[in-house]
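Since every read-out is calculated from the coordinates, none of them should be taken as a lab result. Since we're looking at a predicted model, the values are computed, not measured. Here the Cβ positions follow ideal geometry from the backbone for every residue, glycine too, while neighbour counts run over all protein chains shown.
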Amino acid sequence: MRRRNHAHVRSDTRSQSTVLAVVLLFGFLVLAVTAWQVSVVPNQNAEVEYGHNQQVHEQMQELRSRMVSASAGGRGGTVAIPLGTTYPDRTIYRNPQPPAGQLRTVSGGGVVTLNVSNATPVDGETADFWGSELSYDTAPVTYQPGYHEYERAPTTVLDNTLLYDR
């Protein structure tokens, strides 16, 4: 019978514990990144969307002011209303597609007819357009956001110089 020398059979488990530790650390890193993506990134995007909604409200207020000014004989002008926004760039995290809203006039129950009469055109081209009386149908202007995270964002309505969120 032969005797075996068990000293040579001894296995070294030190490298296994190092590999296991690296795998566990990598797993925790993946969990942390995933948790950040599903909880923090949407909250940050909701803040961006809320800020955009406030900006749209301010621009709609500016549109209202310009309309009132133009109707009172003052200068009208243009107002840029941003229909969508962009999210901040992120290195390893993903954002959804940029949200976009809709700016439109609403036909239906809110239509108001504006009649202009007893006015005199100042030149021939205006007289060709003007005729004897002008009549315009007006309707509320609405901004309907299409946000991803800001739930229950209001529709901003400009109706006959009244601006409100619905």
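Remarks
- Pair TYR93, GLN37: separation of 7 Å Cα→Cβ label points (nm): 1.2
- In plain terms, the chain from LEU83 to ARG166 could stretch by 28.2 nm, reckoned as 0.36 nm per residue minus the Cα-Cα distance.
- If the chain linking ASP128 and GLN55 were pulled fully straight, counting 0.36 nm for each residue of separation and taking away their Cα-Cα distance, it would gain 22.3 nm.
- Full-stretch length increase - LEU29, ARG104 - with 0.36 nm per residue and alpha-carbon distance subtracted: 22.3 nm
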